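J.: Can you read through this structure? Questions will come right after.
The values are calculated or read from the model by the stated rules, or taken from the named source; none is laboratory data. Please read all numbers here as calculations on a predicted model, not as lab measurements. Because the Cβ atoms are built from the backbone with ideal geometry, glycine has one as well, and the counts that use them run over all protein chains shown.
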Amino acid sequence: MYTKSLGCILLLISLTVLSGCWSRRELNDLAIVMALGVDLDKDGYAVSAQVMNPGQAGNLTGGSNGSLPVVTYKATGRTIPEALQRMLSTTPRDLYLAHVRVLVFGEAYARQGVGDAIDFLTRSHELRTDFFLLVAKHTEAIKILDVITPFEQIPANSLYSSILVSHKNWAGTGKVTLQQFIVELERGGSNPIMSGVQLQGDTSEQGSLKNVQSVIPKSLIKQAGIAVFKKDKLIGWLGEAPSKTVNYVLNEVDTTEGSIDSPDGGVAGFIITDAKSRIRISINEKNEPEFVIQLKAEANLTTLHSRLDLSRTASIKELEQRIEEKFDNLMAANIRIVQEKFDSDIFGLGEELHRQYPKLWRSYRKHWDESFQSVKVSVKSDVAIRRIGSVVQPQQKEMEQK
Amino acid sequence: MKRHSGISALQFFILTFGLTIGTSILVIPSGVAHIAREDAWIASLVSMAINLLMVILYIALARLYPGQSLYEILEAVTGKWPGKLLSLVYLFYFISLVGTLLGNLGFFVSGEVMTETPPEVVQIIFLIAAIISARKGIIILARVGELFFPWVVLLLLILILALTPQIEWNYIKPVLEDGWLPVLQAGLQSSVFQEVIVLMVFLPLVKQQKSRERAYLLGTAAGNLVLSAIVLLSVLVLGIEQTENSTFPAYALAKTINIGNILQRVEGILITIWILTYFIKISVLFLSMLQGLRSIFGLKRQNHLIYPLAALFMIIAWNTYINTVYVNDIIATVWMKFSSLFLLIMPAVLYLIAVVRVKLLKQEQPENPAGSQTQQPESQKSP
């Protein structure tokens, strides 16, 4: 009896001593990295890390010693992990990478090929695969990580949410996680994309609080369209309209705003609330594939600058037709631009061919990128206007009747 | 071993289920996706069919010698001394299995989860748990399995449901691009990692013949179905390229779970499933080896063998699992042939010999009815 209860007590005591892990890392020993930047350097890599400064997070006006909520460290090395370890000579704490939200590549490095960086990112057990990849358009990654942003105290969070917001509501920018990038990169019939970021405004004081101490911030980070990759190398940039087209084809559009010429002159503005695309493939008599992008979209009317009589169903029909025409022509033209400028199938047409006609794909597999430039792609859209808003007749028509 | 108390059919089902999932859940998708590409899920179903065929073979063999364990059957079929020798060969197979299993544990935990912990520490701590379960015996293990099972099922359901929003159906197209050959090859290769033959040692512990056979088959089927689901999900969520190039694809899969930015970073679910089933697998192997040693050398007790065996496991684990690349290479080139020798070829040969023996005895029966009386019930039960 005694031995039993003594044993129990000993077990309970040992609980308090034995708890914890071998490789425990306390929160106050860690520097949580929110964003990473990778640039070229003469040594190999220049890596910058934006680290949260937990003592200061929560008061932007400057804390007890006036330091900022984030610190950006920079170090160089022959490999990325080497640079990160070297960075420890300047940081007071161990870097913790599991919470990285965005990773920015400098344009120069992206043009040279990001494959080796991707290798580190996927091989490291600490990094996850769900953070966003970005390319710093016309600049270095460290410049992007060296901006103080309004609203969000942590610039990395600001970048992260602006990717989400602009992708969801504007659709002219990309949203690519490491996971998606690898999948597209390793496939034979498609090439990856990344979204771009850019600095805007006067960048002289971007890294200090003065940047946000005016109503119009001196410099801002701007989402800058889609970066086209061929395998792991950046080969070019897409402007706003082609970027939107790419998102439509990749089925990534959530909502976006557009405008057309109204039938009686003037302008009609509409918002796309739902868009779904499919790639149809037909084989022509020369045994070549022809691609049709079928787009099904729902739109709401947001504004009408004309005297169109909206009480007639025929006017809605006409508006729908005009939107469809605009989609068909503009998207086909934008796809043409991508085909002519880049020998890189960012739409994944080859992968679709692989799925639908595996036998035919075999003859294209080896030289798909060249064939991509000459295949015929057309767009067939089907738009339905669902809602016209809270009033019926446009203001111009109302004024005229009085 | 207390034979009189026995284990129930449900407990046997759970042991089979745990043994099938064991470590396979972590590593299977990568090898299958490497060979069968988009058709990995078909390959894993093929592997299930092969596994079930194996179990049917084992059951047929066991029916010829009811109430006898694997080692006793070996002796009964081939004679006393060759049987003992064959049992030792089987023990060698089991022991190399435990070695690689322990190595796998150490490398997975120290490589992906707790990187600063040396693999040896993880292995020793786990081995202590296995030692406790070996001391308690198979009956206690079966009850433990019964306790684990609802949790394993619940966590599997959570895992599968949490992954469904990320499914990309396009990732498994085209179906059967290169025909059936790679599918069959991949299926055959992955069918040798479930090692359900180990449970032949404990099959006689379940009393009713019908229910133990059903439990054996259903356990194998259920375990393999879970494996197929994991393979399918790996391909649907990660795509073949990532599945094939990951050291632990199922873990990479669990890492991607993210539902509305709220439910994320729950790879612990997968680790728990794996640890629970892994515990069953390694304990069953441990106990089957003890049983084997007892049966071969005619020992009365077996518990004093536990610690030397455990030490041997560690040494084997440290020397076989040199690094992940080496093990993958062995698995791809050697293991399949080595393993199928024990899982398929030897049982098949044994079965043929056993059938011939029993038939010959039947023919001899009218001449010498008194001598073969003891064999009579067995020959009647042969299928």
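Residue by residue, here is whether (1) at pLDDT 90 or above; (2) not hydrophobic (A, V, I, L, M, F, W, C) holds:
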position	(1), (2)
A:131	no, no
A:143	no, yes
A:149	no, yes
A:154	no, no
A:158	no, yes
A:162	no, yes
A:172	no, yes
A:198	no, yes
A:227	yes, no
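J.: Does the stretch B:113-138 hold any residues that are away from chain A (no Cβ under 14 Å), surrounded by 20 or more Cβ atoms within 10 Å (Cβ to Cβ) and β-branched (Val, Ile, Thr), and which are they?
T.: Matches in the stretch B:113-138: B:138 only.
J.: A further question on this structure: Quick one: residue A:273 ticks every box in (1) within 14 Å of another protein chain (Cβ to nearest Cβ); (2) surrounded by 14 or more Cβ atoms within 10 Å (Cβ to Cβ) except a single one, so which number is it?
T.: (1)
J.: Within the stretch B:1-36, count every residue that is on the phi > 0 side of the Ramachandran plot and buried (at least 22 other Cβ atoms within 10 Å of the Cβ).
T.: Within the stretch B:1-36, residues that are on the phi > 0 side of the Ramachandran plot and buried (at least 22 other Cβ atoms within 10 Å of the Cβ) number 1.
J.: Could we say that residue A:272 is assigned to a strand (DSSP E or B), assigned by TED's automatic domain parsing to the domain that holds residue A:382 and within 30 Å of residue A:113 (Cβ to Cβ) here?
T.: On the way: assigned to a strand (DSSP E or B): yes; assigned by TED's automatic domain parsing to the domain that holds residue A:382: yes; within 30 Å of residue A:113 (Cβ to Cβ): no.
It is false that residue A:272 is assigned to a strand (DSSP E or B), assigned by TED's automatic domain parsing to the domain that holds residue A:382 and within 30 Å of residue A:113 (Cβ to Cβ).
J.: Then there is this: If you go through the stretch B:128-142 one residue at a time, do you hit one that is over 28 Å from residue B:13 (Cα atoms) and over 19 Å from the mean Cα position of the chain (by Cα)? Talk me through it step by step, then tell me what you get.
T.: Restricting attention to the stretch B:128-142, the residues satisfying the condition of being over 28 Å from residue B:13 (Cα atoms) are none.
No: the stretch B:128-142 contains no residue that is over 28 Å from residue B:13 (Cα atoms) and over 19 Å from the mean Cα position of the chain (by Cα).
J.: Just to verify a result, which residue in the stretch B:329-365, among those that are among the polar types (S, T, N, Q) and surrounded by fewer than 15 Cβ atoms within 10 Å (Cβ to Cβ), is farthest from residue B:188 (Cα to Cα)?
T.: So the first thing to find is which residues in the stretch B:329-365 are among the polar types (S, T, N, Q), and the list is B:333, B:339-340, B:363, B:365.
So of that shortlist, the ones also surrounded by fewer than 15 Cβ atoms within 10 Å (Cβ to Cβ) come out as B:333, B:363.
Details: B:333: 13, B:363: 38 Å.
It comes out as B:363.
J.: Please count how many residues of the stretch B:233-267 are of a type in the set (Gly, Ala, Ser) and at the interface with chain A (Cβ under 9 Å from one of its Cβ atoms). Spell out how you get there, then give the answer.
T.: Filtering the stretch B:233-267 down to residues of a type in the set (Gly, Ala, Ser) leaves B:234, B:239, B:246, B:250, B:252, B:254, B:260.
Cutting the leftovers down to at the interface with chain A (Cβ under 9 Å from one of its Cβ atoms) gives us B:239, B:246, B:252.
Summing the residues that are of a type in the set (Gly, Ala, Ser) and at the interface with chain A (Cβ under 9 Å from one of its Cβ atoms) in the stretch B:233-267 gives 3.
J.: Given the conditions (1) farther than 24 Å from residue B:39 by Cβ; (2) surrounded by fewer than 21 Cβ atoms within 10 Å (Cβ to Cβ); (3) touching a helix residue (DSSP H, G or I) at 6+ places or on another chain (Cβ under 9 Å), report the number of the one that residue A:365 does not fulfil.
T.: Tallying (1) farther than 24 Å from residue B:39 by Cβ; (2) surrounded by fewer than 21 Cβ atoms within 10 Å (Cβ to Cβ); (3) touching a helix residue (DSSP H, G or I) at 6+ places or on another chain (Cβ under 9 Å), residue A:365 fails exactly one: (1).
J.: Can you go through B:110, B:87, B:69 and tell me which one is within 14 Å of another protein chain (Cβ to nearest Cβ) and out of contact with any Cys (no Cβ under 6 Å at 6 or more places or on another chain)?
T.: Details: B:87 fails: within 14 Å of another protein chain (Cβ to nearest Cβ); B:69 fails: within 14 Å of another protein chain (Cβ to nearest Cβ).
That would be B:110, the only listed residue that is within 14 Å of another protein chain (Cβ to nearest Cβ) and out of contact with any Cys (no Cβ under 6 Å at 6 or more places or on another chain).
J.: Kindly indicate the residue of the stretch B:102-127 that is closer than 15 Å to residue B:275 by Cβ and aliphatic (A, V, I, L, M) and also farthest from the chain's Cα centre (by Cα) among those meeting that condition.
T.: Among residues in the stretch B:102-127 that are closer than 15 Å to residue B:275 by Cβ and aliphatic (A, V, I, L, M), the one farthest from the chain's Cα centre (by Cα) is B:114.
J.: Tell me which helices (runs of 4 or more DSSP H) are completely within the stretch A:284-402 and hold 1 or more residues being closer than 24 Å to residue A:254 by Cβ and aromatic (Phe, Trp, Tyr), or say none if there are none. Don't jump to the end; show me each part of the working.
T.: Working: elements: A:313-341, A:349-356, A:358-364, A:368-374, A:395-401.
Those helices (runs of 4 or more DSSP H) span A:313-341.
J.: I'd like to know if the stretch A:242-251 contains one or more residues that are exposed (fewer than 15 other Cβ atoms within 10 Å of the Cβ) and part of a loop (DSSP other than H, G, I, E, B). I'd like the intermediate steps shown before the answer.
T.: So the first thing to find is which residues in the stretch A:242-251 are exposed (fewer than 15 other Cβ atoms within 10 Å of the Cβ), and the list is A:251.
Those still in the list that are part of a loop (DSSP other than H, G, I, E, B) too: A:251.
Checking the stretch A:242-251: at least one residue is exposed (fewer than 15 other Cβ atoms within 10 Å of the Cβ) and part of a loop (DSSP other than H, G, I, E, B).
J.: State whether the residues of the stretch B:94-106 include one that is exposed (fewer than 15 other Cβ atoms within 10 Å of the Cβ) and either closer than 18 Å to residue B:323 by Cβ or away from chain A (no Cβ under 11 Å) (or both). I'd like the intermediate steps shown before the answer.
T.: Here is the first cut: in the stretch B:94-106, the residues exposed (fewer than 15 other Cβ atoms within 10 Å of the Cβ) are none.
No: the stretch B:94-106 contains no residue that is exposed (fewer than 15 other Cβ atoms within 10 Å of the Cβ) and either closer than 18 Å to residue B:323 by Cβ or away from chain A (no Cβ under 11 Å) (or both).
J.: Please verify whether the stretch A:116-128 includes one or more residues that are surrounded by fewer than 20 Cβ atoms within 10 Å (Cβ to Cβ), more than 30 Å from residue A:29 (Cα to Cα) and within 13 Å of chain B (Cβ to nearest Cβ).
T.: no
J.: Taking residue B:61 as the residue in question, decide whether it is in contact with a Phe, Trp or Tyr (Cβ under 7 Å, 6 or more places away or on another chain) and at negative phi.
T.: Values: in contact with a Phe, Trp or Tyr (Cβ under 7 Å, 6 or more places away or on another chain): yes; at negative phi: yes.
Considered against the rule, which asks whether it is in contact with a Phe, Trp or Tyr (Cβ under 7 Å, 6 or more places away or on another chain) and at negative phi, residue B:61 comes out as yes.
J.: Output the qualifying pairs, or none if there are none: Cβ atoms under 8 angstrom, residues six or more apart or on different chains, first residue in the stretch B:47-68 and under 12 Å from residue B:203 (Cα atoms), second residue modelled with pLDDT of 90 or more and surrounded by fewer than 15 Cβ atoms within 10 Å (Cβ to Cβ).
T.: Filtered contacts from the stretch B:47-68: no entries.
J.: Can you name the helices (runs of 4 or more DSSP H) wholly within the stretch A:119-187 that have at least 3 residues being free of Cβ contacts under 8 Å to residues at least 40 places away in the same chain and in the same structural domain as residue A:224 (by TED's automatic domain parsing)?
T.: Numbers: elements: A:141-144, A:155-169, A:178-186.
The helices (runs of 4 or more DSSP H) meeting that bar are A:155-169, A:178-186.
J.: Kindly state which helices (runs of 4 or more DSSP H) lie completely within the stretch B:1-78 and contain at least 2 residues that are closer than 28 Å to residue B:209 by Cα.
T.: Numbers: elements: B:9-21, B:24-36, B:40-64, B:70-78.
Where helices (runs of 4 or more DSSP H) fall fully within the stretch B:1-78 and carry at least 2 residues being closer than 28 Å to residue B:209 by Cα, they are B:9-21, B:40-64, B:70-78.
J.: Continuing with the same structure: What number goes with the only condition from (1) within 14 Å of chain A (Cβ to nearest Cβ); (2) without any contact (Cβ under 8 Å) to a residue 40 or more places away in the chain; (3) outside any helix (DSSP H, G or I) that residue B:301 does not pass?
T.: That leaves (1) as the condition not met.
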